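Contents: one structure, followed by commentary.
The values are calculated or read from the model by the stated rules, or taken from the named source; none is laboratory data. Bear in mind the structure is a predicted one, so any value in this text is a computation, not a measurement. Quick reminder, even Gly has a Cβ in these numbers, built from the backbone with ideal geometry, and neighbours come from all protein chains shown.
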């Protein structure tokens, strides 16, 4: 997959920005990055878009910046010259797609019908913007139309909000979602970048969908583990079942058959996408233990432990 698409997928969220004052572009992009989303789609809905893109690229070169609402090849050229790293259009315009392809820049066109999606595939594209997502039928519609196109990824935009973000991202064909709610117009006008950072952090945590699912208890040996699990069953009615290396007492207590990771045991944190959560934690400076990584039959990361402990517990991510 294209490297920029991979980066977008690991972030999971593309803030869509309409900006009138290009001097605010760099502090706005920093606020988004501080909230966990080092990415922005600056739309050509204002005449200041190109200058805003240029300002961000100059001040914050590590932040991924794209141009949105690109309607013509001329606008695409403006965006590219300003430093845009990818182009997004609201619909599938063959001229814009062909022009961006000829210039070697990633183009993510809007597609809402199978016909548009097939045009995108024919043009050699790996991902499209599903727009307007909610108005076009939402996630049920996307699931229905995406089936015939196993190689195509989607970036739903339009009507995405904190309540439905996790549902969209739970669909494996969704690469990321686009949205503008992290940057309310009144907050931007007031220069309330701390507020924008807070909204972005909330959104990024919704992307991850973190939830504690079970705790693991280290035991000296299998006999002790069996006894402990049986005690949970007899006292609280948590049904005991045996696994290869542990016993489960109900859904939330794993009793190990031997000492395992963590001084006091381990804690499992479920997330919507382990690879995306790993990238998020690494952006925070958290180290993970690559030796504990496990993948599924498609090569997707499904389990990995953090390096070190939290409160005497080893902590691992697991796919929900």
Checklist outcome for this item: If we ask which residues in the range 172-200 are part of a loop (DSSP other than H, G, I, E, B) and either over 20 Å from residue 10 (Cβ atoms) or in contact with a strand residue (DSSP E or B) (Cβ under 8 Å, 6 or more places away or on another chain) (or both), their number turns out to be 11
Item to check | Qualifying residues in the range 209-254 (those that are touching a helix residue (DSSP H, G or I) at 6+ places or on another chain (Cβ under 8 Å) and in a loop (DSSP other than H, G, I, E, B)) - the one surrounded by the most Cβ atoms within 10 Å (Cβ to Cβ) | outcome: 219
Next on the checklist: Residues to consider are 166, 191, 159, 178; find the one that is crowded, with 21+ Cβ neighbours inside 10 Å, in contact (Cβ under 8 Å) with a residue 12 or more places away in the chain and in the same structural domain as residue 34 (by TED's automatic domain parsing).
Outcome noted: 178
Item to check | Condition met for residue 110 (in the same structural domain as residue 176 (by TED's automatic domain parsing) and in contact with a helix residue (DSSP H, G or I) (Cβ under 7 Å, 6 or more places away or on another chain)) | outcome: no
Checklist entry - Which of the helices (runs of 4 or more DSSP H) contained wholly in the range 47-140 include at least 1 residues that are at pLDDT 95 or above and surrounded by 24 or more Cβ atoms within 10 Å (Cβ to Cβ)? => result 49-59, 73-82, 94-103
Next on the checklist: I'm told residue 319 meets every condition in (1) surrounded by 19 or more Cβ atoms within 10 Å (Cβ to Cβ); (2) touching a helix residue (DSSP H, G or I) at 6+ places or on another chain (Cβ under 6 Å) except one. Can you identify the failing condition by its number?
Outcome noted: (1)
Checklist entry - Got a sec? Which of 262, 299, 275, 285 is within 25 Å of residue 35 (Cα to Cα) and in a loop (DSSP other than H, G, I, E, B)? => result 285
